[in-house]
There are 2 protein chains.
Amino acid sequence: MGANELSIGLVQVRCGEDLEANSGKTITGIREAASRGAKIICTQELFRSTYFCQQEDATCFRLAESIPGPTTDLLQSLARELEIVIVGSLFEQRAPGLYHNTAVVIDADGALLGAYRKMHIPDDPGFYEKYYFTPGDQGFVAWETKYAKIGVLVCWDQWFPEAARLTALKGAEILFYPTAIGWLPSEKETLGEEQVDAWQTIQRSHAIANGCYLVSVNRVGVERSSNGEVIEFWGRSFVAAPSGKVVQEASDSHEEILSVPVDLKQITETRQAWPFFRDRRIDAYNGLERRFID
Amino acid sequence: MGANELSIGLVQVRCGEDLEANSGKTITGIREAASRGAKIICTQELFRSTYFCQQEDATCFRLAESIPGPTTDLLQSLARELEIVIVGSLFEQRAPGLYHNTAVVIDADGALLGAYRKMHIPDDPGFYEKYYFTPGDQGFVAWETKYAKIGVLVCWDQWFPEAARLTALKGAEILFYPTAIGWLPSEKETLGEEQVDAWQTIQRSHAIANGCYLVSVNRVGVERSSNGEVIEFWGRSFVAAPSGKVVQEASDSHEEILSVPVDLKQITETRQAWPFFRDRRIDAYNGLERRFID
């Protein structure tokens, strides 16, 4: 591989009630991706548990953990052992009663570089995140890791071009999105393909607008909450090139570990061919900080 | 049709050296779209001439005209006669030596509601627009017309999520993009499909991010400049729904007049299902007005 070439790992798995089994599965997936050459490996959102936000249930707060804590300890020792960068998503207890949907960035020497706290929090039937997670208060970040400068955003952030833009303006070459999105049974037949397509389209557009790689890692499989609600997570984890082209994509129905080669030179080449950063009208973007201009 | 249903007209044509013939062809296209029920009709970018920006040639400034001027007079009388809204692109002379790439919005009574002056100006081989056009200084605008509240952006603006966002925040229900984009012969085989896909993807993403309709009208056909440079304009004019789904799309190789039914109720319904405007982090978008955050 050339100096700018590396492989990115994506760990797309099913989760069940056994937290240890879930963690074990993602650890195994990280090891597999690393064994296939991946140097920066990203987990799906909240990989340690099922997607508990299907319902509002105070007992789920017991799933939260501190940073540093058991999961970051585990991921840090794994990163050090395998000399890989890990982007790991977890349910963070920042203080008693104060929780975030967070992704940590761990460098290849095991150092915890930092954490991104999800800024845009969804709330709609089956995805009651506003109950659990305080919106992040630290903004958008990019970190220089051993292998690339990377930014991390989480799931619902996908729908907001501002989040990708600010992270790219901070120098991120690759945007990572740990994700938990799926179909409600009542919608799958009529809207299912349209939903997946919109989800992939908006993320590919961030790669295009910013001339960077984009990596989205989604969970897969059917999860049923204790009140009988069902979500079928659609997998389809993927890597998009700076041109927006999908380089590789996982299944919508089964577990899959990807190790996807990327070439960071393509960032410079794409931005030279499509010089959008040159032409942004930064004198005229006043109003983006408004709710609505009425 | 219901109260929120209407059809949108797109006029995708070839242009040649005869200015009168070019205007006549677009006028004929507008009449055809109107006869098929279109109530808001959009022209391609700079429909009165070939895409003269293929080269830097001072004699092309003679193509510019004032607003109001002959082309707006023509479009205004047509709008009044047919009771249609027209979005018309033209090369504007604002003052001697001061030119813009402008799109006018004409209401169904023939009134000239206003003009949008292209804010983002490209410049790359075959598309030397920075030579001809001063970047717009009036920002992003939405106009209440007889049939819908609409915003207009032009071609290169397509690549900037900020432009679509600001226009949507001003209340636009439909974003119109008169466009002139095509393949260079040296790139078509290797990059052609990827370029069209990126172009459509980023525009569909604006419909998704903002929950509005998006209409893109591109010219078609091969144009050769006097210095022998060739662009094959790829047509593919299209309408995207607020979900990002392509409702209808024109050919990549021949002239086509579309009249595409849309339902403005879908804007509210899509925004309720995907409430992105609810969740924008307007407290945290500081930095979007910077060139790069280094």
Run down the aspartates and glutamates and flag those whose C-alpha is under 13 Å from the C-alpha of B:Lys265, throwing out any fewer than 8 positions away in its chain. B:Glu5, B:Glu173
Region A:1-105 - Rg and Dmax from Cα coordinates, angstrom: 14.6, 50
Take the alpha-carbon centre of region B:265-294, take the same for region A:95-129, and report the distance between them in whole Å. 20
DSSP bridge pairs, the protein assembly as shown: antiparallel proportion in percent, nearest 5: 70
Divide by every residue of chain A the summed helix terms, -39500 (n - 2.57) for each DSSP H run of at least 4, and state the resulting mean residue ellipticity at 222 nm, rounded to the nearest 500 deg cm²/dmol. -8500 deg cm²/dmol
Roughly how many whole Å is it from the C-alpha centroid of region A:6-28 to that of region B:22-71? 57
Pull out a ≥ b ≥ c, the square roots of the eigenvalues of the alpha-carbon gyration tensor of region B:182-294, then state rounded if a/c is under 1.5, prolate if not and a/b is larger than b/c, and oblate in the remaining case. oblate
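Using r as the Cβ-Cβ distance of A:Ser253 and B:Ala3, and R0 as 30 Å, what FRET efficiency do you calculate, to the nearest 0.05? Walk me through the numbers on the way to the answer.
Numbers: r = 42 Å, r/R0 = 1.40.
Result of the calculation: an efficiency of 0.10.
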What does the structure give for B:246-259 when I average, per residue, the other chain Cβ atoms found within 10 Å of the residue Cβ? 0
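Cβ neighbours within 10 Å, averaged per peptide: list B:145-151, B:95-101 in order, most packed at the top. Please list the in-between numbers first.
Details: B:145-151: 21.6, B:95-101: 15.9.
Put in order of decreasing packing, that is B:145-151, B:95-101.
If I take R0 = 41 Å and measure r between the Cβ atoms of A:Glu144 and B:Arg224 in this structure, what FRET efficiency does the formula 1/(1 + (r/R0)^6) give, to the nearest 0.05?
On the way: r = 48 Å, r/R0 = 1.17.
Once rounded, the FRET efficiency stands at 0.30.
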Can you give me the distance in nm between label points at B:Glu187 and B:Arg62, each placed 7 Å from the Cα along the Cα-to-Cβ direction? 3.1
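Kindly work out what percent of the DSSP beta bridges joining two residues of chain B are antiparallel, to the nearest 5.
Numbers: 39 of 57 bridges.
Percentage antiparallel, nearest 5: 70.
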Virtual paramagnetic centre 7 Å along Cα→Cβ of A:Glu32, amide N under 12 Å, in region A:236-262: A:251, A:254-259
Take peptide A:194-201, look around each residue's Cβ out to 10 angstrom, count Cβ atoms belonging to other protein chains, and average those counts. 5
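Using a 10 Å cut-off around each Cβ of peptide A:117-124, what is the average number of partner chain Cβ atoms that fall inside? Intermediate results must be reported in sequence, preceding the final value.
Values: counts 0, 0, 6, 6, 2, 5, 3, 5.
Mean shielding count: 3.
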Send over the semi-axes of region A:21-162's equivalent ellipsoid, whole angstrom and largest first, taken as the square roots of 5 times the C-alpha gyration tensor eigenvalues. 25, 17, 14
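If you take every DSSP beta bridge fully contained in region A:145-231, what fraction is antiparallel? Give it as a percent rounded to 5.
On the way: 2 of 11 bridges.
Here the antiparallel bridges make up roughly 20 percent for region A:145-231.
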Ordered by number, the residues of region A:206-244 that have at least 50 Å² less accessible area in the complete protein assembly than on their own chain alone (1.4 Å probe) are A:Ile208
For the protein assembly as shown, diffusion coefficient by Stokes-Einstein and Kirkwood Rh (Cα), 37 °C, 0.692 mPa s, µm²/s: 132
Mind computing the radius of gyration and Dmax over the alpha-carbon atoms of region A:131-214? Å is fine for both. 14.4, 45
Output the peptides B:269-282, B:108-121 sorted from most to least packed, where packing is the average of other Cβ atoms within 10 Å over each peptide's residues. B:108-121, B:269-282
Straight-line reach only, C-alpha to C-alpha below 17 angstrom: list the lysines that B:Lys188 could link to, leaving out same-chain residues fewer than 8 apart. A:Lys245
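Pop out the carbon and sulfur fraction of the accessible area of chain A as a percent, whole number, probe 1.4 Å. Before the final figure, lay out the partial values.
On the way: 5080 of 10400 Å².
For chain A, the apolar C and S fraction of the accessible surface comes to 49 percent.
Roll a 1.4 Å probe over the protein chains and send me the accessible area per residue for region A:5-279 in Å².
In whole numbers, region A:5-279 has 33 Å² accessible per residue.
To the nearest 100 Å², how much accessible surface do chains A and B hide from each other in total, with a 1.4 Å probe?
Numbers: alone 12950 and 12980 Å², together 20840 Å².
Approximately 5100 Å² gets buried when A meets B.
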Sort the following peptides by mean Cβ neighbour count (other Cβ atoms within 10 Å, averaged over residues), highest first: A:129-140, B:181-192. A:129-140, B:181-192
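How fast does chain B diffuse by Stokes-Einstein, in µm²/s, taking the Kirkwood radius from C-alpha pairs at 20 °C and 1.002 mPa s? Each step should come with its number before you reach the end.
On the way: Rh = 19.2 Å.
This corresponds to a translational diffusion coefficient of 112 µm²/s.
The values are calculated or read from the model by the stated rules, or taken from the named source; none is laboratory data. Because the structure is a prediction, the values reported are computed rather than measured. All Cβ positions, even for glycine, are placed from backbone atoms using ideal geometry, and neighbour counts span all protein chains on display. Protein only, heavy atoms only, side chains kept; ligands, DNA and RNA dropped before computing areas. Shrake-Rupley method; radii C 1.70, N 1.55, O 1.52, S 1.80 Å.
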